[in-house]
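This report concerns only the one structure given below.
Rule-based calculations on the coordinates, nothing more; no lab input. In this text the structure is predicted, and so the values were computed from the model without any measurement. When we count neighbours, we look across all protein chains shown, and the Cβ atoms used for this are built from the backbone with ideal geometry, even at glycine.
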Amino acid sequence: MSKVKIITDSSVQLTDEEIKEYNIGVVPLTIEIDGNTYIDGEDISREEFVREMDSSKELPKTSQPSIGTFMKIIEEVPSDYTDILSLNMTEAISGTINAARQISTMTDRNFEAIDTEFTDRALAFQVITAAKLAQEGKSVDEIKTAINNVRDHTYLYMGVTSIENILRGGRLSRFAGTLSTLLNLNLVLTLKNNSLDIAKRGRGRKTIEKYMKNVLAEIEELKEDIQAIGISYVDNMDYVNELKEHLKQIVPNVPLLIRVTSPVIATHAGSGAFAIEFYTK
């Protein structure tokens, strides 16, 4: 019988209760703020990071986990586990998946790294699905089939109210020439097939709010099939609370998690950013 351990990276949006309940291993990223180095989730919380970021002199730097950090988590997995699956954030945002893939040549364990093509709560949808199936004794192939289905039915929309961080971080480098000349530019970004793309751009917050009305309409159309929703934000709850109230009316029985996003997302998206993520059956 298969006994599969699920691990992921700290860009994921999971509660402490979920991590414990589903026995998920989390490999932390490293954060540098004005010369001070922190381990994500260990010596700095998400709320503390945002406060530090908002007052920092320079754009914080996030680093993918080292090989040693991955190996430490793997070495802690009991030997009776037949397999280890590492579900990692999209390569469009971080090179974490590349570090994870190197592990397979460095360990005697049956280890496989998977690019989930998402991050944050959208990554968690796959991680929780995998962990539940692992607890049921499902095989690696059965788990991979299930998470591929979740991935293919996942939606992620991000509102960015300041383009400075995302341009400086290089995550929209192919658009830099056209974006950097525009002031007060707001963006709606989508993440799909490992590609971060601009769905809407315009001056002022109304650009995002108007687009999100379309997203809410999409959720209402899909409401019978939606399994879970997440809203992650950096440092502004005002509009997030508006979305929350709309969702309560549209899909009152669908699980909804609202939390501060991870440092890697906050660093690239910048102050005022948020994302709404959901998946369907």
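Could you order peptides 147-153, 101-107, 242-248 by the average number of other Cβ atoms within 10 Å of their residues, highest first?
On the way: 147-153: 17.4, 101-107: 13.6, 242-248: 15.1.
Highest-to-lowest ranking by the protection proxy: 147-153, 242-248, 101-107.
Annotation: amide H of Gln227 within the under-5 Å range of Tyr279, Thr280, Lys281, sequence separation 5 or more or interchain, hydrogens built in the peptide plane. Each DSSP beta bridge with both residues in the chain is either parallel or antiparallel, and the antiparallel ones are about 60%. Derived scalar couplings between HN and Hα for region 232-241 equal 10, 9, 8, 8, 9, 8, 4, 6, 4, 5 Hz in order, rounded to whole Hz, by the Karplus curve 6.51 cos²θ - 1.76 cosθ + 1.60 (θ = phi - 60°), x for Gly and Pro.
With the dipole of region 154-280 worked out from charges on the C-beta (+1 for Lys and Arg, -1 for Asp and Glu) around the Cα centre, which of Gln227, Ser271, His246 lies farthest toward the positive end? Farthest along the dipole direction, towards plus: Ser271. Mean-square fluctuations from a GNM of the chain, with a 10 angstrom spring cutoff on Cα atoms, peak among Asp108, Asp235, Asp34 at Asp108.
Evaluated at q = 0.26, 0.28 Å⁻¹, a Debye calculation over the C-alpha positions of region 27-68 (equal weights, vacuum) places log10 I(q)/I(0) at -0.89, -1.01. Here the label points at Glu18 and Arg51, each 7 Å from Cα along the C-beta direction, are separated by 2.5 nm in the simple model.
Karplus-derived 3J(HN,Hα) values for region 271-279, using 6.51 cos²θ - 1.76 cosθ + 1.60 with θ = phi - 60°, are 4, x, 6, 7, 9, 10, 9, 7, 9 Hz; glycine and proline are entered as x. Evaluated at q = 0.13 Å⁻¹, the base-10 log of the normalised Debye intensity for region 225-281, with identical point scatterers placed on the Cα atoms, takes the values -0.33. With both labels modelled 7 Å from their Cα along Cα-to-Cβ, the Asp43 to Glu242 distance reads 4.0 nm. Here the dipole of the chain is about 920 debye; that uses its Cα centre as origin and unit charges on the Cβ of Lys and Arg (positive) and Asp and Glu (negative). The alpha-carbon of Lys5 sits under 27 angstrom from the alpha-carbons of these lysines, leaving out residues fewer than 8 places away in its chain: Lys20, Lys72, Lys132, Lys138, Lys144, Lys192, Lys281. Here's how it looks for Val260: its modeled amide H is under 5 Å from those of Tyr233, which are all 5 or more places away or on a different chain. Scalar couplings 3J(HN,Hα) for region 111-127, obtained by applying the Karplus form with A = 6.51, B = -1.76, C = 1.60 to θ = phi - 60°, are 10, 9, 9, 10, 7, 6, 6, 9, 8, 6, 5, 5, 5, 4, 4, 6, 4 Hz; x denotes Gly and Pro. Close amide H pairs (under 5 Å, H built 1.01 Å from N) link Lys192 with Asp197, residues at least 5 positions away or on another chain.
Semi-axes of the equivalent ellipsoid for region 154-280, computed as √(5λ) from the eigenvalues of its C-alpha gyration tensor and ordered from largest down, come to 25, 14, 14 Å.
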